Amino acid sequence: MRDFLLALPEQLGKHSGFNYAGVVGNVIASVLFGKDKESFKNADENILEEEQFLAERRKEGPLSTLIDILNRIDTPQKHKLFYSYQHEDDALLPTPDFKVLNVIEPVKTQWNSYLDAFKRAQKLRGPIDSFSQYYIKKLNRERAACRAKGKRPLALPLLVEVGGLNSYDWDVAANYVKILQPLREATKRLEVRGATADTALSGR
């Protein structure tokens, strides 16, 4: 991947007819989804396979845990609680340009949304950790109440199962941002270059 990115400036200077945007897409798919790059494709016929693949990946790794946390902030009450954690976080280290932000939930078929989600999450690390601990304690209380009544507790969500995110997990997310950001920039440049080349060819 590193060699491919280093070669991009040279390739951008000419139009060879080779689908570099497609190659970038495959690189991104490999970064986000591992070996199963087919599950990255946006075609309708691939969405079901993608969902099945992501369901398997849900049990693996820090990124899956982070995405699970982001998806749990899904009601007005939880958003209000999350906003309060942001105010608490800013009170510890006040910033003049502070404003409340929402998390970004990644869209399964749009890799750019993963980059946006991870970048936003880095800004909201403290509040996300606070929300995670709140959610873990809340669910554990509910499970204990179920057991006390002789009922079967609800299944553990991933974030509860692994105990939230630790420093290593956040480092992994930061590294993915570092990988995906130049790929986004390369993709944009390739799209512009391709559009310019197509216009030139059509004008002949």
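The values are calculated or read from the model by the stated rules, or taken from the named source; none is laboratory data. Model, not experiment: these values are computed from the prediction. Reconstructed Cβ throughout: ideal geometry from the backbone, glycine too, with neighbour counts over all protein chains shown.
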Name the residues in segment 146-175 that are at pLDDT below 90 and either of a type in the set (Gly, Ala, Ser) or within 16 Å of Phe118 (Cβ to Cβ) (or both), would you? Ala155
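Here is a yes/no grid of residues against (1) of a type in the set (D, E, K, R); (2) under 21 Å from Glu161 (Cα atoms); (3) modelled with pLDDT of 60 or more:
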{"position": "Leu54", "(1), (2), (3)": "no, yes, no"}
{"position": "Lys59", "(1), (2), (3)": "yes, yes, no"}
{"position": "Ser64", "(1), (2), (3)": "no, yes, yes"}
{"position": "Lys80", "(1), (2), (3)": "yes, no, yes"}
Filter segment 133-164 down to the residues that are under 21 Å from Glu88 (Cβ atoms) and crowded, with 17+ Cβ neighbours inside 10 Å and list them by number. Tyr135, Ile136, Leu159, Gly164
Screening Ser113, Ser130, Ser167 for residues that are under 23 Å from Gly61 (Cβ atoms), surrounded by fewer than 11 Cβ atoms within 10 Å (Cβ to Cβ) and of a type outside the set (D, E, K, R) leaves only Ser167
